[in-house]
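Derivation of every value follows stated rules applied to the coordinates shown; laboratory data play no part. These figures come from a predicted structure and were not determined experimentally. Note that each Cβ is placed from the backbone with ideal geometry, even for glycine, and that neighbours are counted across all protein chains shown.
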Amino acid sequence: MFISVLDLFKIGIGPSSSHTMGPMLAAKHFIDNLKTTYATTNHLSDTYIQVTLKGSLAHTGKGHATDTAIALGLHGYTAKGLADCDIASLIKQTMGLHQIVISPAITALFSPVVNIDFSQKDALPEHPNGMIFQFIQKPGHVLHTETYFSIGGGFISTQAEIKQVVAPLPIPLAQHHPFPFESAQAMLKMSRENHLTIAQMKLSNECVQTSKTALHQGLKNIIAAMQQCIAQGLATSGILPGGLQVERRAQGLFQQLQEAPEKANVNDWLCAYAMAVNEENAAGHMVVTAPTNGAAGVIPAVLHNFLVHEGGTQAQAFEFLLTAAAIGGIIKHNSSISGAEVGCQGEVGSAAAMAAAGLCAARGGTSEQVENAAEIALEHHLGMTCDPVKGLVQIPCIERNGFGAIKAHTAATLALRGSGNHFMPLDNCIAAMKQTGQEMSEKYKETSLGGLAVNITEC
């Protein structure tokens with residue numbers, strides 16, 4: 001199992017990695033296949049594209065902008081390419097287009113309002129985030145079809161891939177890398193035997209596929225994007241889109257802290273930074289998937305606080321991200337980071353574990369202490385549901401990132417005060433998260449059919 005740090009941390013747009021970035025990528029993949037398949041076809045008339053959303057995508061897709069993401073993807077856009085665009089104007093333009101050029105000889109009709117079906121019938125058996133794309137010639141002859149699954153963190157799998165891989169991700173085999181750990185236990189064993197830190201082992205694995213120069217540049221870009229997102233969120237006020245009339249609070253909180261820093265504590269700063277990111281995410285702006293968009297504020301907040309308030313260096317930031325990615329890869333391989341699959345324990349819980357591990361490593365913790373930090377943070381998110389009000393990544397998601405950052409910071413601090421020896425191994429905690437997610441009602445897994453999502457009073 002190998003998942004690159006540059007894949008776990010992706011620069012994209014909000015509000016959701018699984019419901020926005022994943023569907024956009026799937027749509028782009030589908031249209032690219034059509035263009036390749038029909039590149040030499042002389043003529044084909046009366047064609048259209050139909051998309052059927054299943055499971056969680058059907059229930060909360062409208063609140064997560066899944067329809068606009070699919071439209072953008074079918075028109076050739078990618079989340080990373082949109083990071084610096086005027087997205088609102090582009091969406092307005094794209095949603096008004098009612099056809100897509102497949103080739104010089106083929107133009108297919110497509111209208112998001114008409115041709116996207118939010119099918120709230122049974123979810124597909126492979127994964128709760130399923131999408132069926134069809135290229136159809138009237139009156140109903142399916143010329144080409146593909147089923148995709150958005151499996152969390154902006155990753156997608158086709159129906160063929162999801163049956164063949166474990167994570168489920170089409171990722172390189174661990175054996176092709178010098179330190180092929182697939183569990184925390186194996187990671188610690190390799191660390192002890194080779195007298196290397198987790199970050200050093202992760203770096204060696206990364207350099208099998210990427211040069212150290214390219215990797216360092218990629219990490220610099222991730223850090224810069226995280227800090228840009230925080231700065232933008234701290235400088236912006238107003239009402240978030242979606243109809244809940246949720247007001248941005250990060251800017252006001254930050255101003256209070258600046259005016260009276262002597263009265264501020266680490267929890268205040270962490271909440272300001274994390275909420276700034278997730279307000280940007282809720283607005284559909286640029287964020288770094290870390291490892292998901294719903295949890296995008298936790299790791300940037302903890303890292304930014306370390307750099308700004310503790311005098312952290314770039315080298316320590318690299319160690320932070322490499323260590324966090326090692327933990328995130330283990331979690332994704334052995335459980336899930338998808339809220340639709342295991343609830344918010346898989347999103348904010350995983351992000352908190354990654355952030356705790358990264359901070360512990362950056363502060364000089366041993367591998368055992370790093371593993372302990374990740375376990376402490378994850379353990380205290382077990383059972384957390386994903387129940388966004390009206391399917392919007394706002395309530396409780398924005399505040400939840402602040403508390404995830406606080407738990408991560410506390411976990412790292414607590415682990416550093418111990419020897420690294422502890423009762424519950426991280427692997428067991430990950431297994432508990434997976435089991436809890438499997439037994440959790442679908443109402444609490446990003447469908448907005450239970451919990452906070454249905455216990456609100458509207459004036």
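Annotations
- Long pairs among Lys10/Lys202; Lys121/Lys445; Lys80/Lys390; Lys10/Lys332; Lys121/Lys390, criterion Cα-Cα beyond 22 Å: Lys80/Lys390
- Charged-residue dipole, Cβ positions (Lys, Arg, Asp, Glu), the chain about Cα centre, Debye nearest 20: 400
- Range in the chain, longest, excluding exposed trypsin sites (Lys or Arg not before Pro) [loop by DSSP; at most 10 other beta-carbon atoms within 10 Å]: 122-416
- Per-pair calculated FRET efficiency, R0 = 60 Å: Asp46 and Ala315 via Cβ, rounded to 0.05: 0.50
- Rounded to the nearest whole Hz, the Karplus-based 3J(HN,Hα) values (6.51 cos²θ - 1.76 cosθ + 1.60, θ = phi - 60°) of segment 87-103 follow the sequence 5, 4, 5, 5, 4, 4, 5, 5, 5, x, 7, 10, 8, 10, 7, 8, 7, with x at glycine and proline.
- Cα-centred dipole magnitude for segment 1-98, charges only on beta-carbon of K, R (+1) and D, E (-1), debye, nearest 20: 120
- For segment 15-164, the Rg and Dmax computed from alpha carbons only, in angstrom: 14.6, 41
- Modelled this way, with points 7 Å down the Cα-to-C-beta line, the labels at Thr145 and Ser419 are 6.1 nm from one another.
- For Met95 and Lys390, a Förster radius of 25 Å and the Cβ-Cβ distance give a FRET efficiency of 0.80, rounded to the nearest 0.05.
- Among Pro23, Gly364, Ile327 the positive-end extreme of the charge dipole of the chain (Cβ point charges): Pro23
- Where GluC sites (Glu not before Pro) fall in DSSP loop in segment 284-389, at most 13 other Cβ within 10 Å: Glu310
- Near the amide H of Gly154, within less than 5 Å, lie the amide hydrogens of Ser18, Gly22, all on another chain or at least 5 residues away, with H placed in the peptide plane.
- Positive-end residue of Ile11, Leu234, Ser119, charge dipole of the chain with Cβ unit charges: Ile11
- At an R0 of 25 angstrom, the distance between the Cβ atoms of Lys189 and Asn33 translates into a FRET efficiency of 0.05.
- Helix 298-309 axis, angle to the chain major axis (alpha carbon atoms, nearest 10°): 40
- Taken about its Cα centre, segment 53-165 carries a charge dipole of roughly 160 debye when the Cβ of each Lys and Arg holds +1 and the Cβ of each Asp and Glu holds -1.
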